[in-house]
Amino acid sequence: MIKSNTIFYIGVIVLIIYLLTKVFVKQLEEIKIKRQINKKPVYQKAIPEEQVVQSEELERLISEERNSYYDKLFAGKDFINKDTTSLDQFIINAEMNHNDLYKLAQLNGIKVEMNKGWNNLALKLIVELDDKGWNRKVSSIKEKFGELRFYAETDHEDILNKYTEESKTICEICGRSGEFFTINTWDFTRCDEHRNS
Ligand SMILES: [Zn+2]
C-alpha cells in the first residue's frame, strides 16, 4: 500500500511540475513576442532645420567657388571635353589633354591636387580604366607621400596601383624622369632640376 501511495504522490508532483513548466514557458514566449512587437524604436537624431540650410548653403558656396576656378582655368582653351556637362558624356581617348583631366575633376566635384608633371600619367590611367569599363567616378586626384593617388570607383585597383608606382619615377613638377626621395619625413618625386622646388 505504502509503495503504491508513494508512486501516486510522485506522479502528482511530476504532473504539477510539468504543468507549471508549460505555463511558465508559454508566458516567456508571450513576453518575447510582446517585446518583438513593441521593439524600442531607434530615433534618428533630427538635424535642426537651420543646420541643414547652413550646410546646403556652404555646399553651394564651395561648388560656386570651384566652378569659377574652373571657368577661369578653361577660358580661351580648346579641348575635346570643353562642352561636356555630365560624366556619361565625357569623352575618353588619346586626344585628351590636361584640361580634360581638370574637366573630369570638375564633373566629379573635386580639384586636382598635384603638380602638372603627372597629368599625362593620370590621362594614361584614365584611358586604361576606360578600356576595362569605368563609370568615370573619381573621388581624388592628388599627390600624397610623394606619389600619385588616383582614387576611382573601379574593381581594377591594380591599374590605380600601377600608376601610383610609376609616378615614383616621374618628376611631379615637369614630367621628366625623376627620383623618389625623403627630406625631413616629407616624400617627393622630382628630377634633379626640381629637387628643391
Ligand atoms: Zn622636373
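Within the listed set Glu50, Glu166, Glu179, the residue fluctuating most in the Gaussian network model of the chain (springs between alpha-carbon atoms under 10 angstrom) is Glu50. Against the chain, whose longest principal axis comes from its Cα atoms, helix 2-37 is set at around 30 degrees.
In this simple spin-label model, placing a label point 7 Å from the Cα along the Cα-to-Cβ direction at both Leu20 and Lys32 gives a separation of 2.2 nm. Short to long, the 5 Å bins of the Cα pair-distance histogram for the stretch 92-168 hold 3, 17, 32, 30, 16, 2 percent of all pairs.
If I build a Gaussian network model for the chain, linking alpha-carbon pairs within less than 10 angstrom, which residue out of Ser55, Ser63, Ser167 has the largest mean-square fluctuation? The residue with the greatest mean-square fluctuation here is Ser55.
Mean separation of Cα pairs under 8 Å and 6 or more residues apart, divided by the residue count, gives the stretch 92-168 a relative contact order of 28 percent. Taking Cα atoms only, the orientation of helix 157-167 departs from the longest principal axis of the chain by about 40 degrees.
Overall, the ratio between the Cα radius of gyration of the stretch 23-137 and 2.2 N^0.38 Å, rounded to two decimals, is 1.91.
Length gained on full extension, Asn93 to Arg149: 18.0 nm, using 0.36 nm per residue less the C-alpha separation.
For the options Lys26, Lys82, Lys72, a Gaussian network treatment of the chain with springs between C-alpha atoms closer than 10 Å singles out Lys26 as fluctuating the most. The fewest-to-most ranking of Ile170, Ile62 by surrounding Cβ atoms within 10 Å reads Ile62, Ile170.
For Glu166 and Lys45, the FRET efficiency from 1/(1 + (r/R0)^6), where r spans their Cβ atoms and R0 equals 41 Å, is about 0.35. The alpha carbons of the chain stretch over 114, 43, 38 Å along the principal axes, in descending order.
Per-residue extension of 0.36 nm, minus the Cα-Cα distance of Tyr69 and Asn184, leaves a gain of 38.1 nm for this segment.
Taking other C-beta atoms within 10 angstrom as a stand-in for reagent exposure, Trp134, Trp118, Trp186 fall in the order Trp186, Trp134, Trp118, fewest first.
I'd like the orientation of helix 98-107 relative to the chain: the angle between its Cα long axis and the longest Cα principal axis, in ° from 0 to 90, rounded to 10. Between the helix axis and the principal axis of the chain, the angle is about 30 degrees.
3J(HN,Hα) couplings calculated from phi for the stretch 131-136 with the Karplus curve 6.51 cos²θ - 1.76 cosθ + 1.60 (θ = phi - 60°) are, in sequence order, 4, 8, x, 8, 7, 6 Hz; Gly and Pro show x.
Where a number appears in this text, it was derived from the coordinates with a stated rule and is not lab data. Quick caveat: nothing in here was measured; it's all calculated off a predicted structure. Here the Cβ is made from the backbone with ideal geometry for all residues, glycine too, and neighbour counts use every protein chain on show.
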